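Read through the structure below, which is laid out as structure tokens, and then see the notes.
The values are calculated or read from the model by the stated rules, or taken from the named source; none is laboratory data. Predicted model, so just to flag it, every value in this text is computed and none were measured. Here the Cβ is made from the backbone with ideal geometry for all residues, glycine too, and neighbour counts use every protein chain on show. Surface areas here come from the heavy atoms of the whole protein model, side chains and all, with no ligands, DNA or RNA. Shrake-Rupley method; radii C 1.70, N 1.55, O 1.52, S 1.80 Å.
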Amino acid sequence: MTFLKYLFSKAHTEQFTITSSNGFHLRPVAQFVNMAKTFSCQINATFNSKTVDAKNINTLLSLSLEKGDSFTLEIKGKKAEVALEELHALFETLMHHDVEVKQIKKASHSYKSVCIKAEIISEGIAIAPLYHYHTKELISKSTLSFQEAVLKALDELENLYTTHKENNNAPIYLAQKALLDSLTKDAQTIELFTQQIDDASSQLLGTKLEAKRSDYQDILKRVKKHLGIELSITFPDTPFVLMAHDLLPSEVDLLTKTEVLGVILKETSILSHTAILLRSMGVTSLICDTTQLQEGANIIVDAHAGVVVHTPNKEDLQKANRQLKKDRTQNEIAFKRRFNTARTTKGQAIKVFANVADTHSAHKAKEEGAEGIGLLRSEFLFKEKQPTLELQVEAYEEIFALFKEVTVRTLDIGGDKNLPYINLPKESNPFLGIRGVRLFHTHPQIIAQQLQAIFIAAKGKTVKIMFPMISSVEEFNEAKAFAINVAKEHKLNIENIHFGMMIEVPSVLFLIEAFNEIVDFYSIGTNDLTQYLFAIERTHPTLKTDTLSPVIFSAISSIVQKATKPVSICGELASNKKAIAKLLHCGIELLSVSPSSIAQTKEEIRNV
């Protein structure tokens, strides 16, 4: 395209609204920018009269977009329309999957000594002397140039991502890598880079994204380290509670090698990457801006009640120790019994399966005590590029080898989920459009190859295939017939394959008796069923549904009573502590939850 054609080409614009309570922060911005860079066209974002390059992670972050804010994306040039459509789909997915970090409800307490109120980062109890954050600068000789130090830091972040790939927090390191790469493109010296860090992070002051400033300091620290300038943190070699203004994400990793029992931070938020990492490590931690605490003082950090007990008396220490012992006992019991069958107080055995997205989460589910896979979200197996048949077979074989019972949901793209290699038409309400089983009509070749891979990988083993978004008997029959034809075409024996369906569309509630004649099993997807029962899109920024509404349990009870085939729950409700007893009373005998929820879900069942 010539310059003049480009200059006068039609601009495609659309308004994007931030629906995540966490705002448009580093991790989703990094993913958005990475996709934007794949297009050769010009892409700008405008908010409050400020226009920035949407292919630059730092400039996009500088808009400090919070929940409810709307920015305009303008795309001009080759394939602008395609770019806008794909970026819109990615943005909606990012907003939906950016889980809201909610304030933890504080428990009551009866301490007699002075208590300082605090905000809870991660629950628990810590009793130990207070230690203030101390650093000393270490300078050593380095032969690396600034550019070489940057490359070392980029490699370091890539390695951290690879090492923690099975952890949900791994994207933090990729996002920091993208930020570092963006900021160092124009900086040729450590002095210029430091100035860029200061300028960029200062733009987040006073916004909800202010806590993300630590990511800027973290990448600066990594580069400086490779230039021989390192801030060394000193820690006691005995148990302690650490108090600091804030910690960098990289410094949280250092705590795993210390005797730390608790952390008190003065300047952070529950949304910061530091807070996210502290929660994932299970470190008892609070946010408390106080000058009353003296180093060396023995204190109680009660991150159940959200208080710091200053100079606790003997009675307070006894109370805290009782709670600490209770916490440890509960966690140890749950962990030790994670492989045991979960039985109610009346002796009824309840199966606890796992919802997994890939081979990594399947292995984790095995380690956490899952008895099978109740939902393999196959759309997340290959998120970047369309896989070959061989790659799909390999992935399914690895997962099938781990468990006796595995349920694979066929591709469930659409609504709030997208894949870069599956093009769907832009719809005003994608949750009511092409998604789930409707892909059998729009993308038959992709579905056919997926089914072929599953059949080959099963190797005679019993495997369940589940069709999503079924709304009528005819729809199920068509999907099953499609699968059978795939097997016939490739001369594959599928006597070992069971076919079932998700119950998530309200029309199915009136057709259970008819479905009983044709399905092998049911799985209730409570997330979508709730969405459609209340006609409230689950990603809506302001409208919310009551996930514990009696309507939900009434629907589940009705399904179980009418069904003559096995019924399980695979939605988020299955791991909700307040819902488990109700689900079992409805007659549910199989719950499928996230791998990290398996042990605690089993413990909840044992108390029903």
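Remarks
- Positive-end residue of N331, S549, G124, charge dipole of the chain with Cβ unit charges: N331
- Per residue, the chain reaches -12000 deg cm²/dmol at 222 nm when only DSSP H runs of four or more residues are counted, each adding -39500 (n - 2.57).
- Of the residues T359, I299, I233, the one whose Cα sits farthest towards the positive end of the charge dipole of the chain is I299 (charges of +1 on Lys and Arg Cβ, -1 on Asp and Glu Cβ, taken about the Cα centre).
- Cut-off 13 Å between beta-carbons: net charge of the residues surrounding K177, Lys and Arg +1, Asp and Glu -1: -3
- Each Lys and Arg Cβ is given +1 and each Asp and Glu Cβ -1; about its Cα centre, the chain then shows a dipole of about 1080 debye.
- With the simple model of a label 7 Å out from the Cα in the direction of the Cβ, D53 to S142 spans 2.6 nm.
- Area of D246 that stays accessible when all protein chains are in place (1.4 Å probe, Å², to 10): 40 Å²
- Accessible-area order (highest first, 1.4 angstrom probe) of the listed residues S557, S523, S280: S280, S557, S523
- 14 Å Cα-Cα reach of K177 towards aspartates and glutamates, excluding residues that sit fewer than 8 places from it in its own chain: D155, E156, E158, D215, D218
- Eligible lysines near K346 by straight Cα distance, threshold 23 Å, same-chain separation 8 or greater: K336, K577, K578, K582, K602
- At R0 = 51 Å, FRET efficiency that the Cβ-Cβ distance of S558 and E81 yields, to 0.05: 0.65
- Check: the stretch 226-332 dipole with +1 on Lys, Arg Cβ and -1 on Asp, Glu Cβ, in debye: 480 debye
- Across the accessible surface of the stretch 487-526, with the other protein chains kept in place and a 1.4 Å probe, carbon and sulfur atoms take up 54 percent.
- Set of lysines near K79 by C-alpha distance (under 19 Å), chain-local residues within fewer than 8 positions excluded: K5, K10, K37, K55, K426
- Here the stretch 12-33 and the stretch 34-98 have alpha carbon centers that stand 7 Å from each other.
- Amide H to amide H distances under 5 Å link D412 with E379, where only residues 5 or more positions off or on other chains count and H is placed in the peptide plane.
- 1.4 Å probe accessible area per residue over the chain, in Å²: 46 Å²
- Rounded if a/c under 1.5, otherwise prolate or oblate - the stretch 426-510, Cα gyration tensor axes: prolate
- Dividing the mean sequence gap of close Cα pairs (under 8 Å, 6+ apart) by how many residues the stretch 68-187 holds gives a relative contact order of 13 percent.
- Spin-label model, Q15/H134: points 7 Å from Cα along the beta carbon direction are separated by 5.6 nm.
- Between N423 and L548, full extension at 0.36 nm per residue minus the direct alpha carbon distance yields a gain of 41.4 nm.
- When the listed pairs K257/K385; K50/K383; K117/K212 are checked against a 27 Å cut-off, the alpha-carbon distance exceeds it for K257/K385; K50/K383.
- A DSSP coil position with no more than 10 other Cβ atoms inside 10 Å describes the following trypsin sites (Lys or Arg not before Pro) in the stretch 317-388: K346, K385.
- Solvent-accessible surface (1.4 Å probe) assigned to L533 amounts to roughly 60 Å².
- The stretch 570-587 residues near the modelled K346 label - backbone nitrogen below 12 Å, point 7 Å along Cα→Cβ: 584-587
- Under 5 Å, built H, 5+ apart or other chain: amide partners of V593: F353, A354, N355
- For the chain, the fraction of alpha-carbon pairs in successive 20 Å shells from zero, as %: 17, 47, 32, 4, 0
- DSSP loop GluC sites (Glu not before Pro) with at most 10 other Cβ within 10 Å excluded, longest remaining stretch of the chain: 101-383
- Put a dot 7 Å past the Cα of F431, heading toward its Cβ, do the same for E230, and the two dots end up 5.1 nm apart.
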